[in-house]
Amino acid sequence: KLDRDDSTGSFTINDTGANNRMLIDTSGNVTMPSNPVFQAYGLSSGSSNTNQVFANTRINEGNYYSTSTGRFTAPVAGKYLFGFGNIANSTNGTYRYYIRKNGSNVSDHHLRIDTTETGSAYGTNATYTFPLALAASDYVNVFFIESNNGTSTEGGDYAIFWGYLIG
């Protein structure tokens with residue numbers, strides 16, 4: 001249902017329950033308050049050779065990111081943008097973070113963080129973004145491998161995973 005606010009000249013697209021699905025203001029700015037978006041943080045385990053599970057979210061519109069599995073599940077087919085950021089541990093190693101779709105790496109694209117630290121300083125910070133076309137019910141997560149088969153990476157609030165529907 002398309003509604004026009006005569007006092008402001010803006011338009012609102014609502015569902016039958018009058019929930020705003022799309023807003024267009026008089027300047028042409030478009031917002032879609034129900035679009036899927038999430039930002040997760042707080043690794044519950046940073047172990048090598050595992051899917052990374054982020055225990056907390058700052059935003060999780062639609063609850064499509066699971067804090068128990070570390071997966072974002074696409075509610076609709078479309079193009080999505082995902083990102084990941086972290087800091088390397090304070091030990092010498094190479095840290096690789098893969099964006100996975102339905103349990104498989106997306107080609108060999110990944111975030112690589114190299115560090116030569118010896119335990120007395122923080123490692124390098126890095127971020128990575130990656131667009132993906134998804135079908136409804138496809139899922140995306142982050143997988144971590146440390147070159148020296150170390151047992152962990154930095155985590156806490158340094159590690160973030162995010163994504164949103166772009167079209």
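The values are calculated or read from the model by the stated rules, or taken from the named source; none is laboratory data. All figures in this text were calculated on a predicted structure; none of them were measured in a lab. Glycine also receives a Cβ, built like all others from the backbone with ideal geometry; neighbour counts cover every protein chain displayed. Protein only, heavy atoms only, side chains kept; ligands, DNA and RNA dropped before computing areas. Shrake-Rupley method; radii C 1.70, N 1.55, O 1.52, S 1.80 Å.
Take the conditions hydrophobic (A, V, I, L, M, F, W, C), within 21 Å of L43 (Cβ to Cβ) and modelled with pLDDT under 90 and apply them to I99. Does it pass?
no
Take the conditions (1) open to solvent by less than 60 Å² (accessible area, probe 1.4 Å); (2) modelled with pLDDT of 80 or more; (3) more than 18 Å from I87 (Cβ to Cβ); N14 misses just one of them, which is (2). Residue under question is Y98, and the condition is that it be in contact (Cβ under 8 Å) with a residue 40 or more places away in the chain and surrounded by 13 or more Cβ atoms within 10 Å (Cβ to Cβ); does it hold? Answer is yes for this residue.
Output yes when any residue across the range 39-46 is surrounded by 13 or more Cβ atoms within 10 Å (Cβ to Cβ), modelled with pLDDT under 80 and either over 19 Å from R100 (Cβ atoms) or out of contact with any Gly (no Cβ under 6 Å at 6 or more places or on another chain) (or both), and no when none is. Yes, the range 39-46 has at least one match.
Which one is farthest from L165 (Cα to Cα), of the residues in the range 49-64 that are in contact (Cβ under 8 Å) with a residue 60 or more places away in the chain and crowded, with 18+ Cβ neighbours inside 10 Å? Quick ask: steps written out before the conclusion?
Residues of the range 49-64 that are in contact (Cβ under 8 Å) with a residue 60 or more places away in the chain, as a first pass: 49-52, 54.
Add one more test, that the residue is crowded, with 18+ Cβ neighbours inside 10 Å, and what stays is 52, 54.
Working: Q52: 21, F54: 20 Å.
Taking the candidates together, the pick is Q52.
The single condition among (1) closer than 24 Å to D157 by Cα; (2) open to solvent by 10 Å² or more (accessible area, probe 1.4 Å); (3) at pLDDT 90 or above that V140 does not satisfy is (2).
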